[in-house]
Amino acid sequence: MREGWRRLLWPRLARALVSPPLTDAPPVPPEELVQALMARLEAAAQARLGRSLAIRQVDAGSCNGCELEISAMQNVVYDLERFGLRFVASPRHADVLLVTGPLTRNMREALLRTAECTPEPKWVVAAGDCAVDGGIFKGSYAVEGGIEAALPVDLLIPGCPPTPAQLLEGMLALLEAQGGG
Amino acid sequence: MSEVLLRLVRHGQEQGCRPHQRHLLDRGQWAALIAAIGEDEGVALLGLWADPAQVHAALMAGEAILIASCAVPEGRYAALSPARPGAVRFERMIRDLWGHVAEGGLDQRPWLDHGRWPLTGPLAARPAPHAMPPPQPVFLPVEGEGIHQIPVGPVHAGVIEPGHFRFHVQGEAVVRLEARLGYLHKGHIGLMLGKSAQVAARFAARLSGDSTVAHGWAFAQAVEAALGLEPPPRALALRALMAELERLHNHLNDWGAICNDAGFAWLHARAGALREAVLRAAAIAFGHRLMMDRVMPGGVTDDLMPAGAAAIGAALDAVAAELPRLGAVCDSHASLADRMVGTGVIAPSLVHAFAAGGVTGRASGRGFDARHRPGYPPYVPTEPAVLEAGDVDARARLRMTEMEGSVRLARGLIEALPPGELTLPLPQRGGEGLGLVEGFRGECLHWVALDEGGLVRAVFPRDPSWLLWPLLEAAIEGNILADFPLINKSINASYSGVDL
C-alpha cells in the first residue's frame, strides 16, 4: 500500500516545484559574432527587401492629367511593379506620398491627415507643375500654391503632366537613394 | 409643347450670343419659363451659371439650343430645381461662387465652398472676407432599421481624384449614396476673367485633363463664335483627329478598368497596352501624349508632325485588330456578365430628366451626341448608337462601339486632311459665344463673353459630369456596396471638371 503511493506522479511533480531546475544556464554568445551576423543580415535585407517602395498617391487639386500618367506607370508597358514599386491603398502602408495638384485649400486637411498616417521615414514627392509651385493656378483664392506650402517635399517631378517615363525615373531615383543598389 | 417655351424665351431681349442666342428675361418671364419647363419633359437643362449681375440657363428644346438669363438685383432669383432636379448642384455652386440665392431651391447647403477659402462669394461684385472655422458637412438623413453609415474619402484607395462618398447601407445593400465634392476647387473661372482668349484657353484645357482636347475645342468654339471667326479647315480636321484619339484612349482606359473592377485583369492589361500605343502615337504626331494646349482659339498651334500620320495609323491598326478579340473574350465569360449585366441600372426617365449625355445617356436610351446634333464641322452628322438597358454592361458595350467609330473617323481624317492654314489671328473686339463639343463622357459646353479689348469678361465651362454625378447616386441604390467601384467606373464622371 505505501509502495504504491510512492509510484504516483503528482507528489514528484509537487517536489519539482521547490527543487532547483535541471536545465543548464544559457551560454553567452561572443559579442563579435553577434555584431558580424547583424551586419550580414542588414546587408541581405537591404539587397533583398530594400529595393521596394510602397506608394500612396494623393490628388491635392490636379486636373486629373497627372493621375492618368501615374496610372499609366502601372500598365504592362511601364510595369512599375517589376522594380519593387507598388501603389498601396492605405497611407499606413506607404513609404512614399506621391502628391499632385496645386494644393487646394479644400484638400489641405485631407493631405495633412494622410501625411500624419504615413509612418516615418517617408518620402514626399510633388509630381506635376501644379504640385511644384501651383503652376497656372498660382495666386488663386482657392489654392495654396504647391505641396511645399503644407509638407516638406523631398523630390519635385515637373511637367504638365510629367510623362510616365519621367515619373518612373523619379521613383527609381528614390530607390537608389535609399541604398538598395 | 417646346414651341410655347421657345416663344417664352424669345420674348426676352436678345443679348447677341452666337450661334445660340441668349435672351434676357424679366422676373415675370423667368417665372413663366420655370413653370413651362416644369410642364414640358422634353426640355433639357444643359447648365446653369451666373455672373455678378445675372443667372444664365442653357436649355435645349427639340433642335433648338438657347440661353435664358435673369437679372439678380437683390442677389435672389427664382430657383429652377423644383422644375428640374438637375439644377440643384448648379444652384448650390452659384450661391458659393457668386452669392446669388435660389429662392425656393430644393437644397440650400453649400457645395464648392467648404468654408476654407479666405473669402465668401469669390466671384461676386464684392466678395466678403471669411475667417470662421469650416463647418461640419450635413448629409441627407436616412430612416430605417439596421442602417449604418460608411464614409469614404476624400482620399480614396486607388489612384483617382478626391471626393467624399457617404453611404447609408442596410446589410450589404446601399440605401442611399450622397457625394460631397468640391475638394478640387481651384478657382478656374476667377483665373480666366480678364485674360486674353489665348491665355484663358490654357485653363479650359485643364478643367479635366482627360478631356483636354474636348474642353479646349469647346472653349475655342465659343471664342470663335463670339468673334465671328471660321477656323481654317485643316485646323478643324486636326482638332477632330485629336478629339477622336482622346475619345479612343479614354474609352480604352474605362473599358479595361470596368473589366478589371469586375475581376478580369487580363482585359485591363491588354486595353492598357493599346491605350499606351495611342498615347505614344499622339506624342509623335502632336508632341504631347494628352495633346494638351494644341487647340487654341483661332485654330491649332501645331501641324501634324511628319512621322505623325504613320504613327497614328499603326496605333489605330493595332486597336482595330485587337478590339473585336477583346470583346469576344469579354462576351465569352459568364463571370463578367454576372457582374455587369443588370448592375447599376439608370432608368431612361432619369437620364432624360437630368439631360445626361455621353455613353451614360446613350446607354439609357437618350440618343444625344453633340457631333450629331447640333453638329459642328468637320463631322458629318451620324445617328449615335443607343442602348436601352442602362446598366454597366450597356455602358461598357457602347464604349466598345464608340471606339470602333473613333478608329473609323480618325482613319478618315488622316486620309483626307485638307491643306492650308492652321490658325487665324483673333480680332480684338467683343462678343459672346457658346461652344458645344462632344467629349468622351458627354458634351462639353463653354460660354464666354469677351469685352471690347478681347479679354474674358464672363465665362462658364460646363463639364458633362455635372449631369452625370447625380445619376451615380441613383445607379447605386439597391445594389451591393461591393459593386460601387464597378458602377462608378462605368460612368466615370470627372471630379475636377465639376469642382471648377
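The values are calculated or read from the model by the stated rules, or taken from the named source; none is laboratory data. What you see is a predicted model; the values in this text were computed from it and never measured. A quick note on method: Cβ atoms are made from the backbone with ideal geometry, for glycine too, and the neighbour counts reach across all protein chains shown. Accessible surface is based on the protein model in full, side chains and every heavy atom, while ligands, DNA and RNA are left aside. Shrake-Rupley method; radii C 1.70, N 1.55, O 1.52, S 1.80 Å.
Which one is surrounded by the fewest Cβ atoms within 10 Å (Cβ to Cβ) among residues in region B:129-156 that are touching a Gly at 6+ places or on another chain (Cβ under 6 Å) and under 24 Å from B:Trp98 (Cβ atoms)?
Among those residues, the one meeting the criterion is B:Pro135.
So B:Phe165 passes all but one of these: (1) open to solvent by 40 Å² or more (accessible area, probe 1.4 Å); (2) within 22 Å of B:Ile480 (Cα to Cα); (3) more than 10 Å from chain A (Cβ to nearest Cβ). Which condition number does it fail?
(1)
Here are the criteria: (1) outside any helix (DSSP H, G or I); (2) touching a strand residue (DSSP E or B) at 6+ places or on another chain (Cβ under 9 Å); (3) more than 14 Å from chain A (Cβ to nearest Cβ). Tell me which single one B:Tyr183 does not satisfy.
(3)
Confirm whether B:Ala204 is within 24 Å of B:Ile67 (Cβ to Cβ), in the same structural domain as B:Gly420 (by TED's automatic domain parsing), touching a residue at least 24 places away in the same chain (Cβ under 8 Å) and of a type in the set (Gly, Ala, Ser).
Yes, satisfied.
What's the total number of residues in region B:98-125 that are farther than 30 Å from B:Gly38 by Cβ and of a type in the set (A, V, I, L, M, F, W, C)? Before you say what the answer is, go through the steps one by one.
In the first step, residues of region B:98-125 are kept if they are farther than 30 Å from B:Gly38 by Cβ; the result is B:114-120, B:122, B:125.
With of a type in the set (A, V, I, L, M, F, W, C) added as a condition, the list becomes B:117, B:119, B:125.
Matching residues across region B:98-125 total 3.
Among (1) surrounded by fewer than 19 Cβ atoms within 10 Å (Cβ to Cβ); (2) assigned to a loop (DSSP other than H, G, I, E, B); (3) facing chain A (nearest Cβ under 10 Å), there is one condition B:Val199 misses while meeting the rest; what is its number?
Only one criterion in (1) surrounded by fewer than 19 Cβ atoms within 10 Å (Cβ to Cβ); (2) assigned to a loop (DSSP other than H, G, I, E, B); (3) facing chain A (nearest Cβ under 10 Å) is unmet by B:Val199, namely (2).
Being in a helix (DSSP H, G or I), at pLDDT 95 or above and of a type in the set (Lys, Arg): is that true of B:Arg92 here?
yes
Give region A:82-118 a look and list any residue that's open to solvent by 60 Å² or more (accessible area, probe 1.4 Å), under 15 Å from the mean Cα position of the chain (by Cα) and more than 10 Å from every other protein chain (Cβ to nearest Cβ), or say none.
Within region A:82-118, A:Arg86, A:Arg92, A:His93, A:Glu116 meet the criteria.
Look through region B:438-461, keep the residues that are in a strand (DSSP E or B) and charged (D, E, K, R), and return whichever of them is farthest from B:Ser208 (Cα to Cα).
B:Arg457
Where in region B:263-376 are the helices (runs of 4 or more DSSP H), entirely inside, with at least 2 residues that are basic (Lys, Arg) and out of contact with any Ser or Thr (no Cβ under 6 Å at 6 or more places or on another chain)?
Once the helices (runs of 4 or more DSSP H) in region B:263-376 are filtered for at least 2 residues that are basic (Lys, Arg) and out of contact with any Ser or Thr (no Cβ under 6 Å at 6 or more places or on another chain), what remains is B:265-286.
Looking at B:Glu143, B:Glu161, which one is of a type in the set (Asp, Glu) and in contact with a helix residue (DSSP H, G or I) (Cβ under 9 Å, 6 or more places away or on another chain)?
B:Glu161
For region B:177-196, enumerate the residues that are closer than 13 Å to B:Val448 by Cβ and open to solvent by 10 Å² or more (accessible area, probe 1.4 Å).
Scanning region B:177-196 gives B:Leu193, B:Gly194, B:Lys195, B:Ser196.
Does any residue in region B:37-62 that is at positive phi come within less than 8 Å, Cβ to Cβ, of a residue that is assigned to a loop (DSSP other than H, G, I, E, B) six or more places away or on a different chain, and which pairs are these?
Sorted first by the residue in region B:37-62, then by its partner, the pairs are B:Gly62/B:Gly42.
Taking the criterion of being closer than 29 Å to B:Trp447 by Cβ, assigned to a loop (DSSP other than H, G, I, E, B) and in the same structural domain as B:Phe484 (by TED's automatic domain parsing), would at least one residue in region B:217-228 satisfy it?
Yes, region B:217-228 has at least one match.
Go through (1) facing another protein chain (nearest Cβ under 9 Å); (2) small (Gly, Ala, Ser); (3) assigned to a helix (DSSP H, G or I) for B:Ala214 and report which single condition fails.
The number of the failed condition is (1).
Answer yes or no as to whether B:Ala173 is closer than 30 Å to B:Arg429 by Cα and away from chain A (no Cβ under 14 Å).
no
Out of (1) touching a Pro at 6+ places or on another chain (Cβ under 9 Å); (2) within 13 Å of another protein chain (Cβ to nearest Cβ), what's the single condition that is false for A:Val124?
Of the numbered conditions (1) touching a Pro at 6+ places or on another chain (Cβ under 9 Å); (2) within 13 Å of another protein chain (Cβ to nearest Cβ), the odd one out for A:Val124 is (2).
This table checks each residue for (1) crowded, with 21+ Cβ neighbours inside 10 Å; (2) among the charged types (D, E, K, R); (3) over 12 Å from the mean Cα position of the chain (by Cα).
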| site | (1), (2), (3) |
| --- | --- |
| B:Glu452 | no, yes, yes |
| B:Glu473 | no, yes, yes |
| B:Ile480 | no, no, yes |
| B:Pro485 | no, no, yes |
| B:Ser490 | yes, no, yes |
| B:Gly497 | yes, no, no |
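I'd like the full set of residues that are under 22 Å from the mean Cα position of the chain (by Cα), within 7 Å of chain B (Cβ to nearest Cβ) and open to solvent by less than 20 Å² (accessible area, probe 1.4 Å), limited to region A:63-74.
The answer is A:Glu67, A:Ile70, A:Ala72.
If you check A:Asp133, A:Asp154, which single one turns out to be more than 11 Å from chain B (Cβ to nearest Cβ), surrounded by fewer than 16 Cβ atoms within 10 Å (Cβ to Cβ) and either closer than 29 Å to B:Pro122 by Cβ or touching a Phe, Trp or Tyr at 6+ places or on another chain (Cβ under 6 Å) (or both)?
Numbers: A:Asp133 fails: surrounded by fewer than 16 Cβ atoms within 10 Å (Cβ to Cβ).
Exactly one residue qualifies, and that residue is A:Asp154.
Just to be sure I understand the filter: pairs with C-beta atoms under 7 Å, separated by 6 or more residues or on different chains, first member in region B:131-143 and within 15 Å of B:Gly182 (Cα to Cα), second member open to solvent by less than 100 Å² (accessible area, probe 1.4 Å) and assigned to a loop (DSSP other than H, G, I, E, B). Which pairs pass?
Close Cβ pairs satisfying both conditions: B:Pro134/B:His114; B:Pro134/B:Gly115; B:Pro134/B:Arg116; B:Pro135/B:Gly115; B:Val138/B:Arg109.
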